[in-house]
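Contents: one structure, followed by commentary.
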Amino acid sequence: MASEMYVDTIAASDGTSPATLTKQSAAKAWVNFNGTGTIAARDSLNLSSLTDDATGVYTINFSNAFDAANYSVSSAGMRNNSYSTNANTIIVGIKSSTDGSTLTASSVSVTTHHHSDATNVDPLTVSVPIHGDLA
């Protein structure tokens, strides 16, 4: 016999906190933003602010920190509406540093660059989902 449940909100037993997912893994933070001009989030979850650090370099700050800097970051970027050439293919990744300072429990820095020559660019769209455990 199949069951159905209709709800508007699921909360933890205290009635206000989000329910903890134990058998599923939902993104605990994500952002979709424009990377050109004055950057701004189009939509997000668990985002406190965005910083434009340099051409193709952005810092994403979380409203609620992760329990450690061991979360998973995946990302995508789009230079323009045409995918007809490799010049429009954008690689988005975690900004590298020798001391790991670009990946902390409360923020992550990402870079965006051309696929063909690794030149940093400011893409029209940057999308970054983040999975892990919140503190």
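Listing for the model above:
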item	result
³J(HN,Hα), Karplus 6.51/-1.76/1.60, whole Hz, each residue of region 28-33, x for Gly, Pro	8, 7, 6, 8, 10, 9
Gained length - SER72 relative to ILE39, 0.36 nm times residue gap less alpha-carbon distance	9.6 nm
Residue-by-residue Karplus 3J(HN,Hα) for region 107-119, coefficients 6.51, -1.76, 1.60, Hz, glycine and proline x	6, 9, 9, 10, 10, 10, 8, 4, 4, 6, 10, 6, 6
From phi via Karplus (6.51, -1.76, 1.60), per-residue ³J(HN,Hα) for region 52-61 in Hz, x at Gly/Pro	8, 7, 5, 4, x, 10, 9, 10, 9, 9
Average accessible area per residue (Å²) across region 26-67 - probe 1.4 Å, nucleic acids and ligands excluded	46 Å²
Packing-based ranking, highest mean first, of 54-62, 118-126, 2-10 given that Cβ atoms within 10 Å are counted	54-62, 118-126, 2-10
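The values are calculated or read from the model by the stated rules, or taken from the named source; none is laboratory data. Please read these numbers as outputs of a predicted model, since none were measured by experiment. Using ideal geometry, Cβ is built from the backbone for each residue, glycine included, and neighbour counts are taken over all protein chains shown. The protein model used for the area step is the full one, side chains on, heavy atoms only, and it has no ligands, DNA or RNA in it. Shrake-Rupley method; radii C 1.70, N 1.55, O 1.52, S 1.80 Å.
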